[in-house]
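The values are calculated or read from the model by the stated rules, or taken from the named source; none is laboratory data. Just so we're clear, the structure is a prediction, and the values are computed from it rather than from any experiment. FYI the Cβ positions are ideal-geometry reconstructions off the backbone, even for glycines, and counts take in every protein chain you see. Side chains included, ligands, DNA and RNA excluded: accessible areas come from the protein's heavy atoms. Shrake-Rupley method; radii C 1.70, N 1.55, O 1.52, S 1.80 Å.
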Amino acid sequence: QVQLVESGGGLVQAGGSLRLSCVASGSTFTFNAMEWFRQAPGKQRELVAGLTNGETPRYADSVKGRFTISRDNAKNTVYLQMHNLKPEDTAVYFCNTVGIAPGTYEAYDYWGQGTQVTVSS
């Protein structure tokens, strides 16, 4: 069974940094596209950053220049390095992957349980 497990969240002061990790397990293949979403209280879940193998990373305008997404396919891990954090970055951050499984051509859409990031002013 596929699992995505996030870690690295916490409480940080404005201007600080955190690095989130998302480890994928249980898959027989490497996920092509990995993304980070976040959801603040009372708000809709929003895409923060995405990285597809062989493509340029994608970022929400609100995090460009501050966040960097990267991945280590050998470790089945995707990272989100966050710098210059702001109180408005406070949210639960989720890891997600969607796509079509090679061979079976079955669609998949997996989510992690989320990790809380709180930025104090």
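Apart from one condition, A40 fits all of (1) farther than 18 Å from T77 by Cβ; (2) exposed (fewer than 13 other Cβ atoms within 10 Å of the Cβ); (3) in contact (Cβ under 8 Å) with a residue 40 or more places away in the chain; the exception is (2). Among the residues making up region 70-118, a single one is aliphatic (A, V, I, L, M), open to solvent by 10 Å² or more (accessible area, probe 1.4 Å) and modelled with pLDDT of 95 or more: V92. If you go through region 11-33 and pick out every residue that is surrounded by 13 or more Cβ atoms within 10 Å (Cβ to Cβ) and at pLDDT 95 or above, you end up with 9. Listed by first and then second residue, the pairs linking a residue in region 57-76 that is within 17 Å of N96 (Cα to Cα) and of a type in the set (D, E) to a residue that is open to solvent by less than 60 Å² (accessible area, probe 1.4 Å) and at pLDDT 95 or above, with Cβ atoms under 9 Å apart and 6 or more places separating them unless they lie on different chains, are D72/V78; D72/Y79. Search region 54-69 for residues being more than 20 Å from E88 (Cβ to Cβ) and surrounded by fewer than 10 Cβ atoms within 10 Å (Cβ to Cβ), and hand back the single one that is modelled with the highest pLDDT. Only one residue tops the list, namely T56.
In region 1-22, the residues that are of a type in the set (K, R) reach residues that are open to solvent by 20 Å² or more (accessible area, probe 1.4 Å) with C-beta atoms within less than 8 angstrom, at least six apart or across chains, in these pairs: R19/G8; R19/Y79; R19/Q81. Checked against (1) farther than 22 Å from G54 by Cα; (2) in contact with a Lys or Arg (Cβ under 8 Å, 6 or more places away or on another chain), Q116 meets all criteria but (2).
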